[in-house]
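I have placed the structure first, in the form of structure tokens, so that the comments after it can refer back to it.
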Amino acid sequence: MNELLIIGAGGFARETAQAVRDAGDLKLLGHLDDDTSLHGTEVDGVPVLGGCDLVHDRSAAQVVICVGNPRDYASRARLVRRLGLAGDRYATVVHPTAAVSSTSHVGPGSVLLAHCALTAAVRVGAHVAVMPHVVLTHDDVVGDFATLASGARLGGGARLERGAYVGAGALVREGTTVGAWSLVGMGSTVLGDVPPGEIWAGNPARRLRAAAAPVLDELGTRTTGGPAT
Ligand SMILES: CC(C)(COP(=O)(O)OP(=O)(O)OC[C@H]1O[C@@H](n2cnc3c(N)ncnc32)[C@H](O)[C@@H]1OP(=O)(O)O)[C@@H](O)C(=O)NCCC(=O)NCCS
């Protein structure tokens, strides 16, 4: 059984640890987090072994990066860049209740939590976070480092570009694109394309403002998310 280290010890990381336990196909070694106050403690019974750079000492273990929130959803991309691991170090974590169709593909470093559904020919890139009850329908394409919060739903042929964040319960109309590193607020209804690097919200969703600086910085970077999907 392959060993796994989870980078991060916050909410998303804990949910991923639970998915790993429920799936039972990886041996969870523990969390790594740069918050030194957590070192030597346990979260939900899982040890926090040390800082993120410990991945280099535990080179036999697979890794999944589970950080990111709506205030800074570029943190996964920054960590991938900083750690510089080979693509094959990254595991893909899929909760046993996720319904992933045989015609769909999920990239390395991505996490699919409980009860999400990928209906047909869905392509999910690398280091993507798919929270519980997300529904991705036929021909959707989700770029590297994207995040779908719980209950988000995409119509057929929708596209989330690299790093896009779709808030909890948001709806994206079929054939619509959410641009790179843009965020759609919780409960929003996206009826038309969202340009890159913007925050949109409401029903119908409208532009609120530009994304925050650390996120906008990612628009100009070339972090490798893993093999192209
Ligand atoms: C869109 C979002 C990023 C805006 O956050 P913010 O920049 O702090 O914005 P504010 O709360 O100051 O609100 C700014 C305006 O947008 C409106 N607004 C904020 N979020 C909204 C939403 N989701 N839908 C509709 N309107 C929204 C506010 O009512 C406010 O309007 P006003 O200026 O007319 O009063 C945030 O509300 C959001 O939806 N984040 C995603 C949350 C989520 O999905 N979390 C899952 C984590 S697991």
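The values are calculated or read from the model by the stated rules, or taken from the named source; none is laboratory data. Computed from a predicted model, the values in this text were never measured in an experiment. In this analysis, Cβ positions are derived from the backbone assuming ideal geometry, glycine residues included, and neighbour counts consider all displayed protein chains.
Numbers for the structure displayed
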{"quantity": "Selection from the stretch 111-130 of residues that are touching a residue at least 40 places away in the same chain (Cβ under 8 Å) and assigned to a loop (DSSP other than H, G, I, E, B)", "calculated": "113, 114, 125, 126, 127"}
{"quantity": "Residue satisfying all of: in the stretch 54-75; more than 16 Å from the ligand (Cβ to nearest atom) and assigned to a loop (DSSP other than H, G, I, E, B); nearest to residue 166 (Cα to Cα) among these", "calculated": "61"}
{"quantity": "Lone unmet requirement of (1) over 23 Å from residue 25 (Cα atoms); (2) within 13 Å of the chain's Cα centre (by Cα) for residue 71", "calculated": "(2)"}
{"quantity": "All positions within the stretch 12-53 that are part of a loop (DSSP other than H, G, I, E, B) and polar (S, T, N, Q)", "calculated": "41"}
{"quantity": "Top-ranked residue in the stretch 215-229 [being modelled with pLDDT of 90 or more and within 18 Å of the chain's Cα centre (by Cα); ranked as nearest to residue 170 (Cα to Cα)]", "calculated": "215"}
{"quantity": "Qualifying residue in the stretch 142-159 (condition: under 16 Å from residue 116 (Cα atoms), surrounded by fewer than 24 Cβ atoms within 10 Å (Cβ to Cβ), more than 16 Å from the ligand (Cβ to nearest atom) and of a type outside the set (Lys, Arg))", "calculated": "yes"}
{"quantity": "Within the stretch 188-203, tally of residues that are part of a loop (DSSP other than H, G, I, E, B), among the small types (Gly, Ala, Ser) and within 11 Å of the ligand (Cβ to nearest atom)", "calculated": "2"}
{"quantity": "Residue among 38, 113 that alone is outside the structural domain of residue 138 (by TED's automatic domain parsing) and either closer than 29 Å to residue 210 by Cα or not charged (D, E, K, R) (or both)", "calculated": "38"}
{"quantity": "Which listed residue, of 185, 163, 179, is touching a helix residue (DSSP H, G or I) at 6+ places or on another chain (Cβ under 6 Å), under 19 Å from residue 74 (Cα atoms), within 16 Å of the ligand (Cβ to nearest atom) and not assigned by TED's automatic domain parsing to the domain that holds residue 18", "calculated": "163"}
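Here's the yes/no breakdown for (1) of a type in the set (A, V, I, L, M); (2) under 28 Å from residue 13 (Cα atoms); (3) touching a His at 6+ places or on another chain (Cβ under 9 Å):
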{"position": "130", "(1), (2), (3)": "yes, yes, no"}
{"position": "133", "(1), (2), (3)": "no, yes, yes"}
{"position": "154", "(1), (2), (3)": "yes, yes, no"}
{"position": "168", "(1), (2), (3)": "yes, yes, no"}
{"position": "181", "(1), (2), (3)": "no, yes, no"}
{"position": "186", "(1), (2), (3)": "yes, yes, no"}
{"position": "192", "(1), (2), (3)": "no, no, no"}
{"position": "199", "(1), (2), (3)": "yes, yes, no"}
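Yes or no, residue by residue, for (1) at pLDDT below 95; (2) under 27 Å from residue 18 (Cα atoms); (3) out of contact with any Pro (no Cβ under 7 Å at 6 or more places or on another chain):
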residue: 115; (1), (2), (3): no, yes, no
residue: 152; (1), (2), (3): no, yes, yes
residue: 173; (1), (2), (3): no, no, yes
residue: 181; (1), (2), (3): no, no, no
residue: 185; (1), (2), (3): no, yes, yes
